[in-house]
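Laboratory data are not the source of any read-out in this text; all were calculated from the coordinates shown. All of these numbers come straight from a predicted model, not from anything done at the bench. Cβ sites come from the backbone with ideal geometry, for glycine too, and all protein chains shown count toward neighbours.
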């Protein structure tokens, strides 16, 4: 079995850069130990930020899995979800700079549409970030035809959304599909009849926490 990197591949150039700067600082500004310590702390934080731990995804028929680590900041009804245009209940998870930022598929299904939108970079904890910020909309169509949109939203510090998936990809629950660098949010648009399992302020673990339950699965 091939060994898997403990950090996301997209983070490796940043990690190399931060470590290189810290190493050069150690060599050329050794007379300023406080700065050197700060540089190595930043390098360590960069490694920590891009960590990509393995997760054990629960096998629950109809279970909607959290796509991101973070805190639940919004649960509200919308008249038209992105890409599907259907009424839905938006479930928003805010990721701060200390959370794991690798995103995971909430259910099994096929990606049937993608839409990238340029936008602003307001605080991702604010509700207006869902419609104003840079974002990648992803439409997951389940085996029973139910459409489950979810959206990667850039934040105040985040400046790069990474979506590894393409239209036609078949996804498994908890499968990695991308990440957002340096603080952001992910919105999941649940069918109105879904039973929400978590509340405002709760903490989610990507690939593990069950945020909702859909009926009609066995």
Restrict the check to the range 2-18 and report whether at least one residue is touching a strand residue (DSSP E or B) at 6+ places or on another chain (Cβ under 7 Å) and assigned to a loop (DSSP other than H, G, I, E, B).
yes
Within the range 19-31, how many residues are assigned to a loop (DSSP other than H, G, I, E, B) and exposed (fewer than 12 other Cβ atoms within 10 Å of the Cβ)?
2
Positions within the range 63-81 being surrounded by 20 or more Cβ atoms within 10 Å (Cβ to Cβ) and assigned to a strand (DSSP E or B), in sequence order:
64, 65, 70, 72
Exactly one of these conditions fails for residue 84: (1) surrounded by 16 or more Cβ atoms within 10 Å (Cβ to Cβ); (2) touching a residue at least 24 places away in the same chain (Cβ under 8 Å); (3) not in a loop (DSSP other than H, G, I, E, B). Give me its number.
(3)
Just the residues that are within 28 Å of the chain's Cα centre (by Cα) and surrounded by fewer than 13 Cβ atoms within 10 Å (Cβ to Cβ), please, taken from the range 32-43.
41
Please go through the range 87-105 and pick out each residue that is within 14 Å of residue 193 (Cα to Cα) and not in a strand (DSSP E or B).
87
